[in-house]
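S.K.: Mind looking over this structure? Questions follow.
The values are calculated or read from the model by the stated rules, or taken from the named source; none is laboratory data. Just so it is clear, the structure is predicted and the values come from calculations on it, not from any experiment. A quick note on method: Cβ atoms are made from the backbone with ideal geometry, for glycine too, and the neighbour counts reach across all protein chains shown. Heavy atoms of the whole protein, side chains included, go into the accessibility calculation; ligands, DNA and RNA do not. Shrake-Rupley method; radii C 1.70, N 1.55, O 1.52, S 1.80 Å.
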Amino acid sequence: MPINGRTTVDIPDALLERARPILAARQMTLQALVMDAIERLVGTESPTFKLRDASVGYAYDEVPNDEINRAVDELSERPRPAARA
């Protein structure tokens, strides 16, 4: 059974101030950020991820899945431009 614990962490004010806009943009708490960082460091769990709303004003179900898959396949089959040397 997992054991949850509480701890106190001193975070320099300058670092916390740099983190605040990122936290707001990602709509995540400082606790979630710290947990993600620890999880990434120890590699035991995947970090939490919040997908931002990228909707364009219509319901996603208006386009059939097979049409979306076909468009993705077409894009992946296009030749890629040569890399610049």
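S.K.: Quick one: is residue 6 surrounded by 11 or more Cβ atoms within 10 Å (Cβ to Cβ), modelled with pLDDT of 75 or more and either of a type in the set (Lys, Arg) or touching a strand residue (DSSP E or B) at 6+ places or on another chain (Cβ under 7 Å) (or both)?
M.R.: On the way: surrounded by 11 or more Cβ atoms within 10 Å (Cβ to Cβ): no; modelled with pLDDT of 75 or more: yes; either of a type in the set (Lys, Arg) or touching a strand residue (DSSP E or B) at 6+ places or on another chain (Cβ under 7 Å) (or both): yes.
For residue 6, the condition - surrounded by 11 or more Cβ atoms within 10 Å (Cβ to Cβ), modelled with pLDDT of 75 or more and either of a type in the set (Lys, Arg) or touching a strand residue (DSSP E or B) at 6+ places or on another chain (Cβ under 7 Å) (or both) - is not met.
S.K.: Right, another one. Restricting to region 25-82, count the residues that are within 16 Å of the chain's Cα centre (by Cα), modelled with pLDDT of 75 or more and open to solvent by less than 70 Å² (accessible area, probe 1.4 Å).
M.R.: So the answer is 8.
S.K.: Show the residue pairs meeting these rules: Cβ distance below 9 Å; 6+ apart or different chains; first residue within region 32-44 and of a type in the set (Asp, Glu); second residue open to solvent by 60 Å² or more (accessible area, probe 1.4 Å).
M.R.: Close Cβ pairs satisfying both conditions: 36/48; 36/49; 39/45; 39/46; 39/48.
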